[in-house]
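K.L.:
First, the structure itself, so that you have it in front of you.
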Amino acid sequence: MKDRSIHILNFVGLGFFEPAIRLAAGEETKKNLIALLKKVFLPVLSVGLFLVLWHAGASYLYNVEKDFKIERAKEASGDAGVALELKRIETGESSINSLPSPGAVLAAFKTLLADHRSITAKKAAFKEKVAATNAKREEQGLEPITYTGRPSFVDQIFTSLKTVFAGFFLALFLAVPVGIILGLSSTLRSSFNWLIQIFKPVSPVVWFLLVYMIVKTMTLSYNGDVSFIISFIAVGLCAMWATLVNTTLGVSTVDKDYINVAKVLNLGVGQKVFKIVLPSSFPLIFTGLRITVSVAWMVLIAIELLSQSPGLGTFVWEEFQNGANDSNAKIIAAMFVIGIIGFLLDRLMFTVQKFVTFTEEAAA
Amino acid sequence: METLEQKGIRRSDNGLFEDKYMLDISQLTKIYPTPKGDYVVLDDLDLKVKHEEFISIIGHSGCGKSTLLTMIAGLNPISRGTIIANNETVRGPGPDRGVIFQSPSLLPWMTAYDNVMLGVKQVFAHGTKKDRDDIVKYYLSKVGLEDAMYKKAKELSQGMQQRVGIARAFALKPKVLLLDEPFGMLDSLTRGELQDVLIEVWNQEKITAIMITHDVDESIFLADRVIMMTSGPRAKVGDILEIDFERPRLRKDVLEHPDYYKYREHLIDFLEH
């Protein structure tokens, strides 16, 4: 049980919990206490330190803005003005939109969750209400009535994940086959090298605009969710380069020993590619895919923001435009959610990568 | 007649007996062009190997032993001269010439079984699935791996990996077996074990074998003839030593044989001058 859970944790890249499990099993107390201190306690401490600094910074910025407002009120209408301004700040009528404190962000996060619960409840109620009508409409061959209210924060997360995965699979199905073909032929490799080098560093924003130009024209008569199509294609095109370059490299640098084996055994082209070249380049291909997922998640926010396709990027932008008292706190909450999801996606790819890697040192 | 056949003498098309070698290398030259002019590794090298003969090639590092072997394997283009293996001119690699590389060169993501099967499938494409399965299992158990057949190659030790390499080469039933310092990367204990494994399998198959080695004792123990190559560049055959021990050989008998030290001295004498 103990060894198994340690094995699994190490496999998914959460190996820092290992000492805790060993400690719980009463194994080499001193050594594992030190390891626990190093791997868990110190990171927690650093997070704590970060929160303290953040809190101090936030209250300093808050006070700067508050003092500025009071000063102005004093200049305008004396002490009475100051009292009034203090009251307005107290009630939130005069908002101070500076860096929110950790507490405010936590509160905003709770608000977002509560909001999600109420929206889910509303949705369910709506569904119940229109169930009879929808059944009737279906009989008449009409489209069912769907809930068109505001999506909740959690809904936005899932929309974003959908976009990122669509983009990732686009990158996968584009970059891996092209990479294999380029890797196999040095002629093709040098033919396309310039194009690849030029397109690789292009900014996500420009990719978005490029995809927008093309997709807009091609979907003139399409009534579906064009913004989703644009954003996932743009995400895929931004993120695919790491996979393309790594696949090409992996395929073109297969160990000479393996190639000699293929030659001595007289393997055909198909067998050579599928039995030798591909498996031996899997580690590099999956390293590329792991980078692709991270890049996809990173550019997604910017692209959603531009394309107005629903998701976390749009959420952040709308909150920024909104400018309510807790908007900034919600943006920071979204930032942490984005960061944590990015981390989990990376761990996911890390695990997949370990499954297909045949050497111990290739996965880092 | 049978004895004649065994010695590599075959009836030719016109009914007469004539010498036919399994491997006939004549005037073989290998030149690597460099910016400073051509670098001649091998110069007009001649070597004939009889049927069912085991020869070892010994010489200093960099004298072109491996170059010679890779040219016979067809992995390295020939600059001048010809190599005729089993009555056919060598033009490229093929399964009639099995190779055991210095590094085991197994595909690490496959099991030992799959590594051997990869070649067997290629060579015995017309056999039944059961036949192929039998061949793979037979050779893997011959080299002492019946319990580790389904282990991934990366999980095997170097010595065990090279055992798979031996099984893979023999399972293809090649006409010529080429061994490129196959035990060079192993510690001396494992090396001894693997020499025993190799000679045991070879005693049953009697495949014409050419082995490159650095190891004087290894060459005496395994070979019928030891080919000594001169130091490069322009390396050629310097001397040939016939090893007259009877087969099958046992390590103990070979070491205790009165001629053993005579052979050993001869080889070391050549290598030191």
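K.L.:
Need pairs with beta-carbon distance below 7 Å; first residue free of Cβ contacts under 8 Å to residues at least 60 places away in the same chain and within the stretch A:213-227, second hydroxyl-bearing (S, T, Y) and in a loop (DSSP other than H, G, I, E, B); sequence gap 6+ or separate chains.
P.N.:
From residues that are free of Cβ contacts under 8 Å to residues at least 60 places away in the same chain, the pairs are A:V226/A:T219.
K.L.:
Do you know which of the residues in the stretch B:238-273 that are aliphatic (A, V, I, L, M) and more than 19 Å from the chain's Cα centre (by Cα) is surrounded by the most Cβ atoms within 10 Å (Cβ to Cβ)? Steps first, answer last, please.
P.N.:
Here is the first cut: in the stretch B:238-273, the residues aliphatic (A, V, I, L, M) are B:240-241, B:243, B:250, B:254-255, B:267-268, B:271.
Those left that are additionally more than 19 Å from the chain's Cα centre (by Cα): B:250, B:254-255, B:267-268, B:271.
On the way: B:L250: 12, B:V254: 18, B:L255: 12, B:L267: 20, B:I268: 11, B:L271: 16.
Selected residue: B:L267.
K.L.:
Residue check: is A:M298 more than 30 Å from B:G94 (Cβ to Cβ), in contact with a helix residue (DSSP H, G or I) (Cβ under 9 Å, 6 or more places away or on another chain) and either within 14 Å of chain B (Cβ to nearest Cβ) or surrounded by fewer than 18 Cβ atoms within 10 Å (Cβ to Cβ) (or both)?
P.N.:
Yes.
K.L.:
In the stretch B:183-200, how many residues are surrounded by 14 or more Cβ atoms within 10 Å (Cβ to Cβ) and of a type in the set (G, A, S)?
P.N.:
The qualifying residues number 2.
K.L.:
Could you check how many residues of the stretch A:90-122 are farther than 30 Å from A:F50 by Cβ, touching a residue at least 24 places away in the same chain (Cβ under 8 Å) and not polar (S, T, N, Q)?
P.N.:
Result for the stretch A:90-122: 2.
K.L.:
Tell me, please, whether a residue that is among the hydrophobic types (A, V, I, L, M, F, W, C) and open to solvent by less than 20 Å² (accessible area, probe 1.4 Å) can be found in the stretch A:322-333. Write out each step before concluding.
P.N.:
Within the stretch A:322-333, the subset among the hydrophobic types (A, V, I, L, M, F, W, C) is A:324, A:329, A:331-333.
Next cut, open to solvent by less than 20 Å² (accessible area, probe 1.4 Å) only: A:329, A:333.
Looking through the stretch A:322-333, at least one residue is among the hydrophobic types (A, V, I, L, M, F, W, C) and open to solvent by less than 20 Å² (accessible area, probe 1.4 Å).
K.L.:
Of all helices (runs of 4 or more DSSP H) completely enclosed by the stretch B:206-273, which ones contain at least 1 residues that are of a type outside the set (G, A, S) and farther than 23 Å from B:L189 by Cα?
P.N.:
In the stretch B:206-273, the matching helices (runs of 4 or more DSSP H) lie at B:260-272.
K.L.:
Follow-up. Residue by residue through the stretch B:38-64, note down the ones that are touching a His at 6+ places or on another chain (Cβ under 9 Å) and not in a strand (DSSP E or B). Give the derivation first.
P.N.:
Step one: filter the stretch B:38-64 for residues touching a His at 6+ places or on another chain (Cβ under 9 Å), giving B:58-61.
Matches in the stretch B:38-64: B:G59, B:H60, B:S61.
K.L.:
Which residue pairs have Cβ atoms under 7 Å apart, sit 6 or more places apart or on different chains, and have a first residue in the stretch A:70-89 that is at pLDDT 80 or above and a second that is aliphatic (A, V, I, L, M) and not in a helix (DSSP H, G or I)?
P.N.:
Within 7 Å, the pairs are A:I89/A:I96.
K.L.:
Anything in the stretch B:99-108 that is in a loop (DSSP other than H, G, I, E, B), more than 7 Å from every other protein chain (Cβ to nearest Cβ) and in contact with a Pro (Cβ under 9 Å, 6 or more places away or on another chain)? List them, or say none.
P.N.:
Those that are in a loop (DSSP other than H, G, I, E, B), more than 7 Å from every other protein chain (Cβ to nearest Cβ) and in contact with a Pro (Cβ under 9 Å, 6 or more places away or on another chain): B:Q102, B:P104.
K.L.:
Another question, then. Could we say that A:K87 is farther than 30 Å from A:I331 by Cα and not assigned by TED's automatic domain parsing to the domain that holds A:I157 here?
P.N.:
Answer is no for this residue.
K.L.:
Within the set of pairs 6 or more residues apart or between chains, which connect a residue that is free of Cβ contacts under 8 Å to residues at least 24 places away in the same chain inside the stretch A:198-209 to a residue that is polar (S, T, N, Q) with Cβ atoms less than 6 Å apart?
P.N.:
Short answer, once both residue conditions are applied: none.
K.L.:
Identify, from the list A:V130, A:V176, A:V206, the residue that is open to solvent by less than 70 Å² (accessible area, probe 1.4 Å) and either within 29 Å of the chain's Cα centre (by Cα) or closer than 15 Å to A:I233 by Cα (or both).
P.N.:
A:V176
K.L.:
Can you work out which of the residues in the stretch B:111-149 that are charged (D, E, K, R) and outside any helix (DSSP H, G or I) is farthest from the other protein chains (Cβ to nearest Cβ)?
P.N.:
Result: B:E146.
K.L.:
Can you name the residue in the stretch A:240-287 that is under 30 Å from A:V164 (Cβ atoms), open to solvent by 30 Å² or more (accessible area, probe 1.4 Å) and within 14 Å of chain B (Cβ to nearest Cβ) and, of all such residues, is nearest to the chain's Cα centre (by Cα)?
P.N.:
A:F286
K.L.:
Can you tell me which residue within the stretch A:76-103, out of those that are among the hydrophobic types (A, V, I, L, M, F, W, C) and not in a helix (DSSP H, G or I), is least open to solvent (accessible area, probe 1.4 Å)? Can you show your working first?
P.N.:
Restricting attention to the stretch A:76-103, the residues satisfying the condition of being among the hydrophobic types (A, V, I, L, M, F, W, C) are A:76, A:80, A:82-84, A:86, A:89, A:96, A:99.
Those left that are additionally not in a helix (DSSP H, G or I): A:96, A:99.
Working: A:I96: 27, A:L99: 73 Å².
Once the filter is applied, the top-ranked residue is A:I96.
K.L.:
Right, another one. Quick check: is even one residue across the stretch B:75-98 open to solvent by less than 50 Å² (accessible area, probe 1.4 Å), in a strand (DSSP E or B) and at the interface with chain A (Cβ under 10 Å from one of its Cβ atoms)?
P.N.:
Checked against the condition, which is being open to solvent by less than 50 Å² (accessible area, probe 1.4 Å), in a strand (DSSP E or B) and at the interface with chain A (Cβ under 10 Å from one of its Cβ atoms), the stretch B:75-98 yields at least one hit.
The values are calculated or read from the model by the stated rules, or taken from the named source; none is laboratory data. None of the values given here were measured: they were computed from a predicted structure. Please note: Cβ atoms are built from the backbone with ideal geometry, for glycine as well, and neighbour counts cover all protein chains shown. Ligands, DNA and RNA are excluded from the accessible area calculation, which covers all protein heavy atoms including side chains. Shrake-Rupley method; radii C 1.70, N 1.55, O 1.52, S 1.80 Å.
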